[in-house]
Amino acid sequence: MASSQFKTEQYTSEQFVESAGAILFHLSTQKICVLHLHKHNEYVLAKGRRNCGEHRQESALREVLEETGYQCSLLPVTMLSRAPPAIETAPSRDKPRLYKDCTEPFAVQIRHLNGNDDNVKIIWWYLAKVEEDKPVIQRSPEEEIFSVEFYGYDQVIDKLTYELDRKIVKKAIECVKSSYS
């Protein structure tokens, strides 16, 4: 039997969980939303598990709303993506293309759970903006284990606890600045 020439990992449904989240921008103030987890004094990004039958984009927006109380929408940006165009007029090579007004995931993370290489969490990351004309939804009291905070583009990188979160937010800021400058 032949093996793939590419490094490949495969997981069945009981071995992975899919999550989705968004880097939430408050465009008028040029700030980004983070969650401050009080117990461990950690600063993280809003995300959560995708429900069965739910589209990834819907999961990201729902999770951000549930965790932050902020109504939001996907933020269209100009970015490179390896995804083929929506309408292919000719065969296309697998290469990065520049898309305008793109709302596709701008990053994906794969976390190995509990130090176990056989179980992973796949996190699809989107860019989103606060719907500034809509009210903030009151979060339930049991969610007070964390607070919702906004930091300027310069401050947020130093605030985030995890290196991969810092990297992903740096990339998000680059995408937004190049699209909205």
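Here, each number is a calculation from the coordinates, and none is a lab measurement. These figures come from a predicted structure and were not determined experimentally. Heads up, the Cβs are rebuilt from the backbone with ideal geometry, glycines too, and the neighbour counts pull from every protein chain shown.
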Once you put a point 7 Å from the Cα of K170 and another 7 Å from the Cα of E131, both along the Cβ direction, what distance in nm separates them?
3.4 nm
Cross-link reach list, lysines versus K159, counting only Cα pairs under 29 Å and skipping chain neighbours closer than eight places:
K31, K39, K47, K121, K129, K134, K167, K170, K171, K177
Are there any trypsin sites (Lys or Arg not before Pro) in the stretch 38-99 that are in a DSSP loop and have at most 12 other Cβ atoms within 10 Å? List them by number.
K39, R82, R93
Mean separation of Cα contacts under 8 Å (at least 6 apart) over the residue count of the chain, i.e. the relative contact order in percent, is 30 percent
Longest exposed-site-free window of the chain, the sites being GluC sites (Glu not before Pro) in a DSSP loop that have at most 16 other C-beta atoms within 10 Å
133-181
Among rounded, prolate and oblate, which fits the stretch 94-181 when a ≥ b ≥ c are the square roots of the eigenvalues of its C-alpha gyration tensor, a/c under 1.5 means rounded, and a/b larger than b/c means prolate?
oblate
Gyration tensor (alpha-carbon) shape descriptor, the chain, a/c threshold 1.5
oblate
Among I122, I137, I32, the residue with the largest mean-square fluctuation in a Gaussian network model of the chain built from Cα contacts under 10 Å is I137
Let me know the charge dipole size of the stretch 8-90 about its Cα centre in debye, to the nearest 20, where only the beta-carbon of Lys, Arg (+1) and Asp, Glu (-1) is charged.
260 debye
Along the Cα→Cβ direction, 7 angstrom out, place labels at H112 and N41. What is the inter-label distance in nm?
3.0 nm
Could you pull the Cα extents of the stretch 136-177 along its three principal axes, largest to smallest, in whole Å?
35, 22, 14
In deg cm²/dmol and to the nearest 500, what is the mean residue ellipticity at 222 nm of the chain if only DSSP H runs of at least 4 residues count, each as -39500 (n - 2.57), divided by the residue total?
-6500 deg cm²/dmol
For the stretch 136-171, state which chymotrypsin sites (Phe, Trp or Tyr not before Pro) are in a DSSP loop and have at most 12 other beta carbons lying within 10 Å of their beta carbon.
Y162
What size of dipole, in debye to the nearest 20, comes out for the stretch 88-181 about its Cα centre when the only charges are +1 on Lys and Arg C-beta atoms and -1 on Asp and Glu C-beta atoms?
500 debye
Would you kindly derive the ³J(HN,Hα) couplings of the stretch 59-71 from the backbone phi angles with the Karplus curve 6.51 cos²θ - 1.76 cosθ + 1.60 (θ = phi - 60°), listing them in order in whole Hz, with x for Gly and Pro?
4, 4, 5, 5, 5, 4, 4, 4, 7, 10, x, 8, 6
Selection from N114, A90, Q155, by position along the positive dipole direction of the chain (Cβ):
A90
Indicate the gyration tensor shape class of the stretch 64-140 (rounded, prolate or oblate), computed on the Cα atoms with a ≥ b ≥ c the square roots of the eigenvalues: a/c under 1.5 is rounded; otherwise a/b larger than b/c is prolate and the rest oblate.
oblate
Which distance in Å, rounded to a whole number, links the C-alpha centroids of the stretch 130-181 and the stretch 1-19?
32 Å
Taking the Cα centre of the chain as origin, work out the dipole magnitude from +1 charges on Lys and Arg Cβ and -1 charges on Asp and Glu Cβ, in debye rounded to 20.
660 debye
For the stretch 162-173, in residue order, the Karplus 3J(HN,Hα) values (coefficients 6.51, -1.76, 1.60; θ = phi - 60°; whole Hz; Gly and Pro = x) are 9, 4, 5, 5, 4, 4, 5, 6, 4, 5, 4, 4
